[in-house]
Amino acid sequence: MPSIYGPVAHKPRLPSYELITTFDQLFDLVASIGADEFALDFETTSLSPKTGKVRLASICNDSTRALIDFYEIDLPSDGFEHCAFLFSGFSPIVFNAGFEQRWFDHSTRPGSVKCRDVWYLRCAMRGGGRTSLARFAKHELDIEVDKTEQVSDWDAPALTQEQLDYAFLDAEVTWKLYKKFRADADSEQLRCAQMFDDMVPAVIEMEDAGMAFDAAAHTRTLQGWEAERDGLRVQLDELLPDIENINSDTQLSDYFSKSMPDNWLRAWPRTEKTGQLSMTSKSLVLLSGMAPVDSPLRTFLTTLSEYKHISKYCSSFGESLLKSVGPDGRIHARFNIAAAKTCRFSSSSPNLQQTPRGEHVRQAFVAAPGNMLVSLDYSGIELRVLALLTGDERLLEDCVWGDVHATVAEKMTGQPVDKSTPEGKEARRRAKAVSFGIIYGSSALGVAGSMGCSMDDAQSYIDFWADRYPKAFQYRYDMMGEAQGSGVIRMVDGGTVWMSRRPALPKCANYPVQRAALSVMARALIRHKATLDTRRGCLPSPQCMISLVATIHDALIDEVDAGHADAALGWMRNDMTEGYLDVFPGAPTAKLVEGGIGPSWGELE
DNA sequence: AACGAGCGCGCG
DNA sequence: AAAGCGCGCGCTCGTT
């Protein structure tokens, strides 16, 4: 078949590449790559294999530079579908592995091609984040990648020279980036990068499955919020009719700056950048406490706080969540691997990780008819991994066999804590704030701020903590020392995180802990995906559902056929336990996970 | 009209 | 320099 592009020879103005238009050429190309590493990039006619095709694949390493046009390949139809198997056993280097992986999995046995992500390699070496290939290339290579062709028509019978060049450039840039980071990577960092790569199949499963959403029930919930919001709005308008937009913190700040006496303005917390009066819920409650009981001002401030709360639900978790529901009645959120600096996941479109626990939002995330949701979370995982990272026997013992917060509370108050009394609950809550302060690297100032106590009291609480858990306490300073000495901190999974020139204690203290918790979840997720793949292969009826649907930092959620819910819970418990042991071999597993089964996210027993 | 900064707040 | 970690998103407001 003659090529519509004419002679394959290429204009020299850009680094040349071979245009592949026949199956034989492709076969030879793949054979010539052999075991060598190579970068790969697809141009596709849509974002999903369900609705589109792979038009181009560009391949680049030091000895091979090729661009494959699958519309030209001399096969009956849809070239890529029939050629993808040629890449079985290969591990292409890509940017944004989830994308290329989906197309391979659609056309070959899932997992037979395992994409490796150059961005995850960078994350393993420097710490996580999100970027585009263009920004990545600009920052690391100072190469400008013009992305205007990215959204061009990749379905056109004949592609323009610009389209072809752009397509190849992405693979070339990916290869250059990979070489740069691979040259500096040590084996531990590579082990970490592989962990991120290995998470990709689980993430694809979660994103593709989505979570069923009861839009009708949520619409009723939203109507309730809106009625409450509108009622509060009427009250606010009656109390302060001269504020044009009650939703504007700036206008509120201006109003109070003019109308309130100086002693109020001195007490009123300010915002960080612009110094206007803070309108946080905390500030409003603080200020309302200064106003006389039943005064209009007090009523206004408390009502404003309530109004802002319910407005938040309306704007962030009302219509926008309903709009996120796909044609299949499910919400397909994204789970972004290593998106946080600590390489924790982030979630977006929508951010499932910020779904409110209250106001019946989680009840709208349901299992489809005939299914149940199965969920477990690691209990107190951050304190637990802190104990394991530091070898603090007493902290570990308290995490595993006791109640850390109650123990710290007893230490702080000098009295036994009865969790059934309000005093006991309050003491435990305050102890929890201290322990979190330690994990976050707080100073006495921070602890005092979060607990609403004096600096002296806060310091004494911290001293109690340091006395009981000396190794865990000392760890924070060890990590700061490591950061100051080397500029990086080595994480438990082998990855490293670049720290700023003068690293602050809070970050040095927290990053390794937050990262260790992520590592545990990552190992659990990888194992659980493998378990579900195996179990699905043994099911009597193929339409019987067992799927990962979400991870919320320290929790996993599956949706499963009701008849398999108990079994799935057991598999999940085992996978989460083994994932934890992958990171901390031999660690105690008692009371490690808790959770249950239910018809919705909000009703798990 | 589009964009970014700033703020606030939901979650772990 | 700030000094309790990590996110994403909706809103307002000034700039382009």
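Is segment A:308-383 rounded, prolate or oblate when judged by the Cα gyration tensor, a ≥ b ≥ c being the square roots of its eigenvalues, rounded requiring a/c under 1.5 and prolate requiring a/b larger than b/c? Verdict is rounded for segment A:308-383.
For segment A:385-397, 3J(HN,Hα) computed residue by residue from phi via the Karplus equation (6.51, -1.76, 1.60; θ = phi - 60°) reads 5, 4, 4, 6, 4, 9, x, 7, 4, 5, 5, 4, 4 Hz, glycine and proline entered as x.
So what are chain A's ellipsoid semi-axes, whole angstrom, largest first, if each one is the square root of 5 times an eigenvalue of the alpha-carbon gyration tensor?
Value: 48, 30, 27 Å, ordered largest first.
Helix A:296-317 and the longest principal axis of the Cα set of chain A meet at an angle near 20°.
Compared with the direct C-alpha span, the chain from A:Glu359 to A:Asp403 gains 12.9 nm at full extension, assuming 0.36 nm per residue.
Residues in segment A:436-442 carry Karplus couplings, in order, of 5, x, 5, 4, 8, x, 5 Hz; the curve used is 6.51 cos²θ - 1.76 cosθ + 1.60 with θ = phi - 60°, and Gly or Pro positions show x. A Förster distance of 45 Å, applied to the separation of the beta-carbon atoms of A:Asp418 and A:Ser443, puts the FRET efficiency at 0.90.
Normalised by the number of residues in segment A:215-320, the average gap of Cα pairs under 8 Å and 6 or more apart makes the relative contact order 36 percent.
Taking 7 Å steps out from each Cα toward its Cβ at A:Ala217 and A:Asn351 produces label points 2.5 nm apart. Overall shape: oblate for segment A:389-443, with the ratio a/c of the largest to smallest alpha carbon gyration tensor axis at 1.5 or above and b/c at least equal to a/b. Helix A:187-209 axis versus longest C-alpha principal axis of chain A: approximately 90°, rounded to the nearest ten. Rounded to the nearest 10 degrees, the angle from helix A:565-583 to the longest Cα principal axis of chain A is 90 degrees. Stretched out straight at 0.36 nm per residue, the stretch from A:Asp62 to A:Glu594 would grow longer than its current Cα-Cα span by 186.5 nm. Distance distribution note for segment A:383-513: the fraction of Cα pairs above 22 angstrom is 38%.
Bridge orientation summary for chain A: considering DSSP beta bridges with both residues in this region, about 90 percent are antiparallel.
A helix-only calculation puts chain A at -16500 deg cm²/dmol for mean residue ellipticity at 222 nm, using -39500 (n - 2.57) for each DSSP H run of at least four residues, averaged over all residues. Once both labels are positioned 7 Å from their Cα atoms along Cα-to-Cβ, the gap between A:Asp457 and A:Ala562 label points is 5.1 nm.
In straight-distance terms, cross-link reach from A:Lys308 covers every one of the lysines whose alpha-carbon lies under 27 Å from its own, apart from those fewer than eight places away in the same chain; here that gives A:Lys258, A:Lys273, A:Lys282, A:Lys323. Placing a pseudo-label 7 Å from each Cα along the Cα-to-Cβ vector at A:Ala530 and A:Leu29 gives an inter-label distance of 3.3 nm. Looking at segment A:18-185 alone, DSSP beta bridges between its own residues are antiparallel in about 65 percent of cases. Amide H contacts for A:Ala39 (H built 1.01 Å from N in the peptide plane; partners 5 or more residues away or on another chain; cut-off under 5 Å): A:Cys60, A:Asn61, A:Ile93.
For segment A:533-605, just say rounded, prolate or oblate: build the C-alpha gyration tensor, square-root its eigenvalues into a ≥ b ≥ c, call rounded for a/c under 1.5, and beyond that prolate if a/b exceeds b/c, oblate if not. Because a/c hits 1.5 or more and a/b fails to exceed b/c, segment A:533-605 counts as oblate.
Cβ-to-Cβ counts within 10 Å put A:His218, A:His564, A:His82 in ascending order as A:His82, A:His564, A:His218, the fewest first.
Here the Karplus curve 6.51 cos²θ - 1.76 cosθ + 1.60, taken at θ = phi - 60°, turns the phi angles of segment A:85-96 into couplings of 4, 4, 8, 4, x, 8, 10, x, 8, 10, 10, 6 Hz, with x standing for Gly and Pro. A full extension of the chain between A:Arg429 and A:Thr160 corresponds to an added length of 90.4 nm, given 0.36 nm per residue minus the alpha carbon distance. Highest mean first, the peptides A:402-414, A:24-36 sorted by other C-beta atoms within 10 Å per residue fall in the order A:402-414, A:24-36.
Distant-in-sequence amide contacts of A:Ser347, defined by a placed amide H-H separation under 5 Å and a gap of 5 or more residues or a different chain, comprise A:Asn336, A:Gln353.
Summarising the amide proton neighbourhood of A:Arg55: residues at separation of 5 or more, or on other chains, whose placed amide H is nearer than 5 Å comprise A:Glu43, A:Thr44, A:Thr45.
With the gyration tensor restricted to C-alpha atoms of segment A:215-320, the semi-axes of the equivalent ellipsoid amount to 27, 15, 12 Å, longest first.
All of the numbers you see were taken from the coordinates with simple rules; none came from a lab. Computed from a prediction, not measured in an experiment: that's the story for all the values here. FYI the Cβ positions are ideal-geometry reconstructions off the backbone, even for glycines, and counts take in every protein chain you see.
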